[in-house]
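S.K.: This is the structure, below, for whatever I ask next.
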Amino acid sequence: MRFAGTRQYRGLDKDVTVLSSDLVMDTCLLAGAIILKNGGETYRTEETMARIAQAAGMDDVNSSATPTSIILSFRCKGLDHTRMVRTPSRTTNLNKITLVNDVSRRFVSGGITLEQAYLTLCEIDQKKPLYPKWMQHLAAATASGSFAMLAGGTWYDLAPSALAGLTVNLSLEYLEQFVRMKFFTEFSAALLGGLFALLAVTVFPELHISIIIIGAMLPMFPGIAITNSLRDLMAGDLVAGVSRGVEAMLTAISVAVATAIILWFMR
Amino acid sequence: MLLKGLALSFISSMAWCVLFNVPVRTILAGGIAGMVGFLVYSFLPLLNAEVLLSTFVSAAIVSLLSQVMSIFLRVPSTNFSVAGIIPLVPGSLAYKSMLAFVNNDYVEGITLATKTLMVAGAIASGLIFGISVVTIVKGARYAGKRAQ
């Protein structure tokens, strides 16, 4: 079955090459869930699902997504289909979003069949992160160290702030398994990173605690939440935009409070 | 000094790309976006621009650049813009404001916190500016095609 062909028949019920509406639904929801789970924007989730469903010849396609749930409904041969899925856990893996984007583009332009698209999406969903864990921790350390230098540190501040960033990233990953609250995890990780900075300054008094703390808190900067919130707001998705913005703000507040506690120890 | 800053912003943006699991072929582009943003950010104060203005302009340029790169590399533009704004983050302002609060200097703390919020707002509005410009250009081209 090539879908470029089926699209011409849209609206004429009797001649449509019937794609199983269940498969269409599964494919759309899987694509949407992968995008939402891995840190994609809400409007991208809605658009991708609607495009796939329309290209598969469904009528009356309506999709709605919030940062934690997806609803998709369409009409196939006079029958309405609606389903909803929830996406409780969220990570950031932009590679998967790029791959899903690619699959949906190829399906809509008729390059692959629906079955192929579904199988590819399943593969993408099972994929491990592109970079191994140690590489991510190394990247966090590098980012912290170089940002601390950008904020006006000397060469001596490079290593301690990189280590503090590493501490923060390691504790983020480790604490996430026990504490299921994102903001408390971030708070405790920031506290641990700050304690490391405090320790470093106590042992080597010539280091600057300000620079080390600025570097250490960088891995918790809610960059993806801010960017996504803005893009959702611009796309007219107000609910998702505002809720992502609040998420970014809560992260910023928990980091700020942890920093304040560390500074209070310093006094 | 400028070279050191450029190299550092390049490295930290690329590290953020790795942290966000972007596709391998776009890491270098993300680093370039961060570097260009930092270049603009450190160049504008030489023309007597304020921090807010230079942050806004550099965020807008990062956003525009990431949209253009996303068209050429065929990936969502979030891949670049997230990493590109990292060198602009007002880390030291936020730190100073927390320090003032802890030292019971509330007036100074609120002043610095407002400044931090305004810089964050400048980053946000710069990103929005870039997105809107690209959307308007795309819409105009689409309308032109339809008219033919």
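S.K.: Scan the stretch A:83-107 residue by residue and report those that are in contact with a Phe, Trp or Tyr (Cβ under 8 Å, 6 or more places away or on another chain) and either farther than 30 Å from residue A:132 by Cβ or β-branched (Val, Ile, Thr) (or both).
M.R.: Hits for the stretch A:83-107 are A:92, A:107.
S.K.: Now for a separate question. Looking at residue A:175, is it away from every other protein chain (no Cβ under 11 Å), without any contact (Cβ under 8 Å) to a residue 40 or more places away in the chain and part of a helix (DSSP H, G or I)?
M.R.: The answer is yes for residue A:175.
S.K.: Return the residue satisfying two criteria in turn: it lies in the stretch A:222-234 and is in contact (Cβ under 8 Å) with a residue 40 or more places away in the chain, more than 19 Å from residue A:142 (Cβ to Cβ) and within 10 Å of another protein chain (Cβ to nearest Cβ), and of such residues it is surrounded by the most Cβ atoms within 10 Å (Cβ to Cβ).
M.R.: The residue in question is A:228.
S.K.: Look through A:234, A:266 and report the one residue that is within 22 Å of residue A:47 (Cβ to Cβ) and at pLDDT below 85.
M.R.: Residue meeting the stated conditions: A:234.
S.K.: Is it the case, given these coordinates, that residue B:36 is modelled with pLDDT of 90 or more, among the β-branched types (Val, Ile, Thr) and in contact with a Phe, Trp or Tyr (Cβ under 6 Å, 6 or more places away or on another chain)?
M.R.: Taking the combined requirement at face value, the residue does not satisfy it.
S.K.: Mind listing just one residue for me: the one in the stretch A:240-267 that is facing chain B (nearest Cβ under 10 Å) and small (Gly, Ala, Ser) and, of those, surrounded by the fewest Cβ atoms within 10 Å (Cβ to Cβ)?
M.R.: A:260
S.K.: Between A:158, A:99, A:72, which is free of Cβ contacts under 8 Å to residues at least 24 places away in the same chain and crowded, with 17+ Cβ neighbours inside 10 Å?
M.R.: Exactly one residue qualifies, and that residue is A:158.
S.K.: Starting from residues that are under 18 Å from the mean Cα position of the chain (by Cα) and modelled with pLDDT under 90, keep the ones in the stretch A:72-88 and report whichever is farthest from the other protein chains (Cβ to nearest Cβ).
M.R.: In this case the residue turns out to be A:88.
S.K.: Just wondering, is there one or more residues in the stretch A:186-197 that are out of contact with any Pro (no Cβ under 6 Å at 6 or more places or on another chain) and not in a helix (DSSP H, G or I)?
M.R.: The answer is no, given that none of the residues of the stretch A:186-197 is out of contact with any Pro (no Cβ under 6 Å at 6 or more places or on another chain) and not in a helix (DSSP H, G or I).
S.K.: I'm trying to understand the selection: among the residues of the stretch B:125-148, which are farther than 13 Å from residue B:64 by Cβ and at pLDDT 90 or above?
M.R.: Passing the criteria: only B:125.
S.K.: Take the residues in the stretch A:208-221 that are facing another protein chain (nearest Cβ under 10 Å) and assigned to a loop (DSSP other than H, G, I, E, B), then tell me which one is surrounded by the fewest Cβ atoms within 10 Å (Cβ to Cβ).
M.R.: Among those that are facing another protein chain (nearest Cβ under 10 Å) and assigned to a loop (DSSP other than H, G, I, E, B), it is A:221.
S.K.: So which residues in the stretch A:65-95 are farther than 16 Å from residue A:244 by Cα and either in contact with a Lys or Arg (Cβ under 7 Å, 6 or more places away or on another chain) or hydroxyl-bearing (Ser, Thr, Tyr) (or both)?
M.R.: A:72, A:73, A:82
S.K.: Out of (1) under 19 Å from the mean Cα position of the chain (by Cα); (2) farther than 18 Å from residue A:161 by Cα; (3) at the interface with chain B (Cβ under 10 Å from one of its Cβ atoms), what's the single condition that is false for residue A:237?
M.R.: In the conditions (1) under 19 Å from the mean Cα position of the chain (by Cα); (2) farther than 18 Å from residue A:161 by Cα; (3) at the interface with chain B (Cβ under 10 Å from one of its Cβ atoms), residue A:237 misses (3) alone.
S.K.: Give me the residue from the stretch A:112-147 that is in contact with a helix residue (DSSP H, G or I) (Cβ under 8 Å, 6 or more places away or on another chain) and in a loop (DSSP other than H, G, I, E, B) and, out of that set, farthest from the other protein chains (Cβ to nearest Cβ).
M.R.: Once the filter is applied, the top-ranked residue is A:113.
S.K.: Right, another one. Against the definition (closer than 20 Å to residue A:228 by Cβ, within 14 Å of chain B (Cβ to nearest Cβ) and of a type in the set (Val, Ile, Thr)), how does residue A:91 come out, yes or no?
M.R.: Criteria met by residue A:91.
S.K.: Of all the helices (runs of 4 or more DSSP H) wholly in the stretch B:67-148, which have at least 1 residues that are facing chain A (nearest Cβ under 9 Å) and surrounded by fewer than 22 Cβ atoms within 10 Å (Cβ to Cβ)?
M.R.: B:91-102, B:106-147
S.K.: Just to be sure before I move on: is residue A:62 in contact with a Phe, Trp or Tyr (Cβ under 9 Å, 6 or more places away or on another chain) and either closer than 24 Å to residue A:238 by Cα or of a type in the set (A, V, I, L, M, F, W, C) (or both) in the structure I sent?
M.R.: The answer is yes for residue A:62.
The values are calculated or read from the model by the stated rules, or taken from the named source; none is laboratory data. These numbers come from a predicted model, not from an experiment. So basically every Cβ, Gly included, is an ideal-geometry build from the backbone, and we count neighbours across all protein chains shown.
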